[in-house]
Amino acid sequence: MDFGLFLLQYVKQVPSKHIGSTLEKNLFYLRVKQGSNIFRIFFCYDEDKIVVIMNGFTKKTQKTPTKEIDKAISIIKQYFDEK
């Protein structure tokens, strides 16, 4: 998991096997594998900086659960409202 966060922080173009986008504006996810588990950690951009959203989940199906996307959107909104 640390390698994925390292890529986000220091690499300008993260390989697509580590990062993905959602249909929502400014909502992306970092794909990490720990043992046999696959996790997604949502993040967004604030101008040119990456803001890691503390909403992650274990990927169990092909489709990202809507409730997880909604939760990430709520956290993003709260972040920008409080900024």
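The values are calculated or read from the model by the stated rules, or taken from the named source; none is laboratory data. Model, not experiment: these values are computed from the prediction. Cβ coordinates were reconstructed from backbone atoms using ideal geometry, including for glycine residues, and neighbour counts include every protein chain displayed.
Points worth noting:
- Selected residue (criterion: modelled with the lowest pLDDT) from residues of region 34-70 that are assigned to a loop (DSSP other than H, G, I, E, B) and surrounded by 16 or more Cβ atoms within 10 Å (Cβ to Cβ): 59
- Test result for residue 77, surrounded by fewer than 11 Cβ atoms within 10 Å (Cβ to Cβ), assigned to a helix (DSSP H, G or I) and out of contact with any Pro (no Cβ under 7 Å at 6 or more places or on another chain): yes
- Residue that is nearest to residue 82 (Cα to Cα), among those in region 15-33 that are surrounded by fewer than 16 Cβ atoms within 10 Å (Cβ to Cβ) and touching a helix residue (DSSP H, G or I) at 6+ places or on another chain (Cβ under 8 Å): 26
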